[in-house]
Amino acid sequence: MKPTLPTCEACSGQLTWTQSLRAQRFFYEYTYCPYCREKQYINTHKKHLSVILLAAVSPLIINLFIDLSIVSSLALYAVIITIGFVVTPFAYSLKSKDPILAKRGNSA
Ligand SMILES: [Zn+2]
């Protein structure tokens, strides 16, 4: 699966990396397209998200095997947080319709 930046379903405009990062609001399930102002639902790719989560806990796992000093663990965390920020815009796509509601509609 090739990592791509989210594209608006309403106007087919592709968000830039900065727009995608800004559009990703962690406690909201929707955002607004910066081009056409259409409401767009955030559809997070579960696979990408689990990779990010795994990366976030990896220093703890490494710490079990190697006794890292506080300074090196902090440096490791800084690197991981940076990588996390770089990849999050690729970890979701935009949908014009609520993906959860659409699923419910199909089964009913
Ligand atoms: Zn749009």
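The values are calculated or read from the model by the stated rules, or taken from the named source; none is laboratory data. All of these numbers come straight from a predicted model, not from anything done at the bench. All Cβ positions, even for glycine, are placed from backbone atoms using ideal geometry, and neighbour counts span all protein chains on display.
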Would a scan of region 79-95 turn up a residue that is at negative phi, among the aromatic types (F, W, Y), more than 16 Å from the ligand (Cβ to nearest atom) and in a helix (DSSP H, G or I)? yes
Among residues belonging to region 22-48 that are among the hydrophobic types (A, V, I, L, M, F, W, C) and surrounded by 14 or more Cβ atoms within 10 Å (Cβ to Cβ), point out the one that is nearest to K95 (Cα to Cα). I42
The one condition S73 fails out of (1) assigned to a helix (DSSP H, G or I); (2) under 30 Å from L101 (Cα atoms); (3) more than 16 Å from the ligand (Cβ to nearest atom); (4) not β-branched (V, I, T) is (2)
For region 1-40: of the residues being touching a helix residue (DSSP H, G or I) at 6+ places or on another chain (Cβ under 6 Å) and outside any loop (DSSP other than H, G, I, E, B), which is modelled with the lowest pLDDT? L21
If you scan region 55-70, which residues turn out to be of a type in the set (A, V, I, L, M, F, W, C), assigned to a helix (DSSP H, G or I) and over 19 Å from the mean Cα position of the chain (by Cα)? L60, I61, I62, L64, F65, I70
Restrict the check to region 44-62 and report whether at least one residue is within 16 Å of the ligand (Cβ to nearest atom) and farther than 16 Å from I81 by Cα. no
